[in-house]
Amino acid sequence: MTNRVYIFDTTLRDGEQSPGCSMTVQEKLRMAAKLVELGVDILEAGFPIASEGDFEAVQKIGQEYSWAHVAALARAATGDVERAAAALRPAKRSRIHTFIATSDIHLKYKLKKSRQQVVDEAVAAVALARNYTDDVEFSAEDATRTDPDYLEEVCRAVVAAGARTVNLPDTVGYSVPEEYGALIGRIAKALGDSAVVSVHCHDDLGLAVANSIAAVQAGARQIECTINGIGERAGNAALEEVVMAFKTRPDRLPYQTKISSEHLYSASQLLAQTITFGPQPNKAIVGENAFAHEAGIHQDGYLKERSTYEIIDPKSVGVPESKLVLGKHSGRHALKQRCQDLGFDLSKEDLDHVYQRFTALADRKKGLRNDEILALIQERQAAAAAQ
Ligand code: KIV
Ligand code: ZN
């Protein structure tokens, strides 16, 4: 087994189907261009049976980005699989991603089907999809709440029917890393080289990224994730977080992706401009504060040596530079640096005056902007000239 991990991006499918995230065909095309530039391995473009717009988006993305590997979602039902296949027709590299729930809770209340019926429908859908493409993925929805013996039986059956990738979603974000790793390890061992094991984690307990990483350590080689972690309810595993975890900690996580990380920030920004919300300010990697330092002690350390308080070079994710936020916790060093950045090399005496006024103001405000710092410098210069 190699250490190459495939990044399956589902921003335009699982992400798009969540509140405030729907996108027009044009918006999906624009986002797809960014995902291709980012280097995702598989781009899930939509759920063609769900709407005309989704059908068109899958079709157009397959047409326009013929070199990309495009996936479309389908329930394990003839109509769904055929619709996905039709939407994927223009794509040179297409994947049909078919799914059915396997947990007893879903079988009893949602599907009202027996375990045998579900295996039969899963196998039939995979076999049908194989008539259209060699590349078929099967997902056992709610895998983490499924009886593991039954889950293994389903996985073996769909692989025998032609599935090349078997995805074990933590659909409701219920699993914890050790438990999820053990489940993935069991299925990876059972399937051996016959299929790639994939993971798809939701973030209901804030564990989607940790679970995805535990799964890779246990043998999974595909991670399904989204930009900014958007997706159903609390979202999916954030693409930028899994990628940067591997890149930042190769000593512990010796896995490689093909993501060009310098495009992560612009992908995050483009998505934020396209849907109705952006990442929260303290979001790892792409949040407004991810590379901002306000506390005086931190700013002082950072100015002496960046690595004292930064584990990632902001440029490596496309953030132009770190920010020293000037607020009530900031020190003289940071203020001096900011004055220099603004073109003013202040004497010790001038800096003392500006610093006094700054701390008085910063006590009342959430942080000072450059124009407010400039006003303080000018005020001091005017006072000095009048003396
Ligand atoms: O969360 C889930 O189980 C899904 C599947 C359709 C893959 O999104
Ligand atoms: Zn999902």
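Values in this text are rule-based calculations from the coordinates and carry no lab data. This structure is a prediction, so every number in the text was calculated from the model and none was measured. Backbone-built Cβ (ideal geometry, glycine too); neighbour counts: all protein chains shown.
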If we sort 78-86, 249-257 on the protection proxy, mean other Cβ atoms within 10 Å, highest first, what's the order?
-> 78-86, 249-257
For the residue pair Asp120 and Ile105, what label-to-label distance in nm results when each label sits 7 Å from Cα along the Cα-to-beta-carbon direction?
-> 2.7
Taking 0.36 nm per intervening residue step and subtracting the Cα-Cα distance, what contour gain separates Asp251 from Lys365 on full extension?
-> 36.8 nm
Output row, site Gln217, 7 Å Cα→C-beta label point, backbone N cut-off 14 Å, window region 161-195, residues 176-185
Mind listing the long-range amide H neighbours of Glu141? Cut-off is under 5 Å, sequence gap 5 or more, other chains count too, H placed in the peptide plane at 1.01 Å from N.
-> Ile100, Ala101, Thr102
Note, ³J(HN,Hα) from phi for region 137-142, Karplus 6.51, -1.76, 1.60, rounded to Hz, x at Gly and Pro = 10, 10, 10, 8, 4, 6
Using only the C-alpha atoms of region 237-387, find the volume of their convex hull and express it per residue in Å³.
-> 134
Residue span Asn289 to Thr276: 0.36 nm per residue of separation minus Cα-Cα distance leaves a gain in nm of 2.7 nm
Name the residues of region 1-41 whose amide N is less than 12 Å from a point 7 angstrom out from the Cα of Ser260 along the C-beta direction?
-> 34-40
Can you work out ³J(HN,Hα) from phi for every residue in region 259-271, in order, using Karplus 6.51 cos²θ - 1.76 cosθ + 1.60 and θ = phi - 60°, giving whole Hz and x for Gly and Pro?
-> 6, 8, 4, 5, 9, 5, 5, 5, 5, 4, 5, 4, 4
Residues whose modelled amide H sits under 5 Å from the amide H of Arg93, counting only those 5 or more places away in sequence or on another chain, are Val70
Let me see the pair-distance distribution of the chain: every alpha carbon pair, 20 Å bin width, integer percents in order.
-> 27, 47, 19, 7, 0
Residue by residue, what Karplus-based ³J(HN,Hα) values in Hz, rounded to whole numbers, does region 277-292 have, using 6.51, -1.76 and 1.60 with θ = phi - 60° and x for Gly and Pro?
-> 8, x, x, 5, x, 8, 5, 4, 6, 10, x, 4, 9, 4, 10, 10
Of the chymotrypsin sites (Phe, Trp or Tyr not before Pro) in region 50-140, which ones lie in a loop per DSSP and count no more than 14 other C-beta atoms within 10 Å?
-> Trp67
Pairwise FRET efficiency - Glu349 versus Trp67, Cβ, R0 = 45 Å, nearest 0.05 = 0.10
Lys315 and Arg4 label points (each 7 Å along its Cα→Cβ direction) are spaced in nm at 2.9
Could you check the simple spin-label distance between Arg357 and Ile297, using points 7 Å along Cα→Cβ, in nm with one decimal?
-> 3.0
Note: Asp149 to Gln381 extended length (0.36 nm per residue) minus current alpha-carbon separation gives 75.8 nm
Cross-link reach list, lysines versus Lys315, counting only Cα pairs under 16 Å and skipping chain neighbours closer than eight places = Lys247, Lys323
Convex hull around the C-alpha positions of region 316-386: the volume in Å³ per residue is 99
